[in-house]
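Heads up, the thing below is written out as structure tokens.
Every number in this text was worked out from the coordinates using simple rules, so none of it is lab data. It should be emphasised that the depicted structure is a prediction, and the values quoted were computed from it without experimental measurement. Positions of Cβ are generated from backbone atoms using ideal geometry, with glycine treated the same way; all protein chains shown enter the neighbour counts.
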Amino acid sequence: MTATLTQIRSALANQIATQITGLRASEEVPAAINPPMAVVGPNAGTFAEYEVTMGPNQAVVNWSIRVYLILSYGNVVSSQKKLDAYLSPTGSQSLVQAVNHDPSLGGVADFAVVARAQRYGLVSYNGVDYLGAEVMVDVSAS
């Protein structure tokens, strides 16, 4: 059975929180945040592409998942260094490495890959300014 969006979000948030020390991760969009935090949700645009393979009951879904990386704006130099580490392709704080640790997200997906990062800078969340970026993770599940 194909993994649901809820299962994908949960597995990705769990993997991020487990692999990156000090980075809290939420599979739901919380009313208030406690940075540094990764908020996992579907892409704002197209977030699911459905394919049927090998018959009508065997579907593959390609999900586009957005991870908001949100850090305190109080000490912008320190937060920027931390955000840069999260966005790095390598290192113990790397989101890329956290996903690459287990591309199946604990067996929920066929594979997951960090595809791109975007919108680095000032982020307003629930009326409060933070430093942040968006990271897009492509997930395929059958």
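Within the listed set TYR86, TYR130, TYR50, the Gaussian network model of the chain (springs between alpha-carbon atoms below 10 Å) gives the highest mean-square fluctuation for TYR50. The Cβ shell under 15 Å around ALA59 holds other residues with a net charge of -3, Lys and Arg each +1, Asp and Glu each -1.
For GLY106, what is the net charge nearby, where nearby means another residue's Cβ is under 14 Å from its Cβ and Lys, Arg count +1, Asp, Glu -1? Don't skip to the answer; put the middle values down first.
Working: positive: ARG9; negative: GLU27, ASP102, ASP110.
Taking every Cβ under 14 Å from that of GLY106, the sum is -2.
What FRET efficiency do you get for GLU49 and GLN118 if R0 is 25 Å and r is their Cβ-Cβ distance, rounded to the nearest 0.05? Computed FRET efficiency for GLU49 and GLN118 comes out at 0.85.
Based on C-alpha pairs under 8 angstrom that are at least 6 apart in sequence, the chain has a relative contact order of 25 percent.
Taking amide hydrogens as placed 1.01 Å from N in the peptide plane, the amide H of ALA48 sits under 5 Å from those of SER64, each at least 5 positions away in sequence or on another chain. For the pair ASN14 and ALA59, label points projected 7 Å from Cα toward Cβ lie 2.2 nm apart.
Less than 13 Å Cβ to Cβ from ARG9, Lys/Arg counted +1 and Asp/Glu -1: what total charge do the surrounding residues give? Mind dumping the intermediate values first?
Values: positive: ARG66; negative: GLU27, GLU28.
Its environment carries a net charge of -1.
In this structure the amide hydrogen of SER26, modeled in the peptide plane, comes within under 5 Å of the amide hydrogens of ALA38, VAL39, VAL40, none closer than 5 places in sequence on its chain. Once the C-beta distance of VAL77 and HIS101 is scaled by a Förster radius of 41 Å, the resulting FRET efficiency is 0.90 to the nearest 0.05. Near ASP110, the amide H atoms lying under 5 Å from its own belong to SER140, ALA141, SER142; only residues 5 or more places off or on other chains count, and H is placed 1.01 Å from N.
Can you show me the helix-derived [θ] at 222 nm for the chain, built from DSSP H runs with n ≥ 4 at -39,500 (n - 2.57) apiece and divided by the number of residues, rounded to the nearest 500. Mind dumping the intermediate values first?
Details: 3 runs with 34 residues, N = 142.
Using -39500 (n - 2.57) per qualifying helix, the result is -7500 deg cm²/dmol.
Pairing the Cα long axis of helix 76-87 with the longest principal axis of the chain, what angle in degrees results, from 0 to 90 and rounded to the nearest 10? Taking the Cα atoms of the chain, the angle to 76-87 is about 20 degrees.
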